């Protein structure tokens with residue numbers, strides 16, 4: 001392996017990490033600007049996160065288009081299996097309030113947040129933009145899979161503000177919660193990355209990510 005090749009991989013990885021740090025800081029900053037309007041409550045935190053992630057998704061897509069980095073959002077061919085799984089996911093979301101017997105506005109909002117907004121935001125960023133960007137440096141898709149999966153696990157450490165607020169934890173207890181959050185992110189990343197390898201798009205991973213979030217919640 002040439003030194004130029006190694007340097008390119010290092011630069012690409014450093015750029016990916018920098019982007020993730022900037023996005024997490026932007027998410028936190030946007031939430032702080034929204035709190036005065038929604039209140040700093042459990043629901044208010046979800047509303048602020050909802051808005052911040054929606055805004056950042058648009059920004060990430062615009063940045064990717066500007067940098068000419070493909071997102072691979074949709075499959076090359078929207079086959080019957082995609083239609084079936086999309087319908088199953090929609091039915092799953094719609095039936096969840098009936099199964100849990102909780103159709104309160106806050107519960108429905110949380111369902112939309114965890115089942116749609118978070119998956120679209122994170123999958124666009126990781127299995128979309130970063131996957132394709134890193135593919136230009138690493139070439140082998142299996143290597144890209146490993147790097148993106150590790151970054152996805154570490155990414156969850158950036159949600160420390162939300163977890164600290166919702167759990168009221170600090171110190172060692174918060175550190176333990178963050179460790180397990182990162183481990184969960186690693187497990188999710190392994191599964192979602194494997195699906196991305198197989199399907200070569202992030203629409204499929206959005207569907208699975210949404211289902212996993214709802215189950216985990």
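A short reminder: the numbers here are calculations on the coordinates, not readings from a lab. Computed from a predicted structure; not experimentally measured. For neighbour counting, all protein chains shown are included, and Cβ atoms are generated from backbone atoms with ideal geometry for every residue, glycine included.
Against the numbered list (1) assigned to a helix (DSSP H, G or I); (2) surrounded by 14 or more Cβ atoms within 10 Å (Cβ to Cβ), residue 201 comes up short only at (1). Looking across the range 136-152, the residues that are part of a helix (DSSP H, G or I) and more than 16 Å from residue 195 (Cβ to Cβ) come down to 136, 137, 138, 143, 147, 150, 151.
Mind telling me which of the residues 51, 23, 59 ends up being more than 28 Å from residue 143 (Cβ to Cβ) and within 16 Å of the chain's Cα centre (by Cα)?
On the way: 23 fails: more than 28 Å from residue 143 (Cβ to Cβ); 59 fails: more than 28 Å from residue 143 (Cβ to Cβ).
Checking each option against the conditions leaves just 51.
Just one residue in the set 113, 82 is out of contact with any helix residue (DSSP H, G or I) (no Cβ under 7 Å at 6 or more places or on another chain) and in contact (Cβ under 8 Å) with a residue 40 or more places away in the chain; that residue is 82.
Of all the residues in the range 183-197, those that are over 19 Å from residue 71 (Cβ atoms) and buried (at least 19 other Cβ atoms within 10 Å of the Cβ) number 2. For the range 54-77, state whether one or more residues are without any contact (Cβ under 8 Å) to a residue 40 or more places away in the chain, surrounded by fewer than 18 Cβ atoms within 10 Å (Cβ to Cβ) and under 19 Å from residue 207 (Cβ atoms). Yes: one or more hits.
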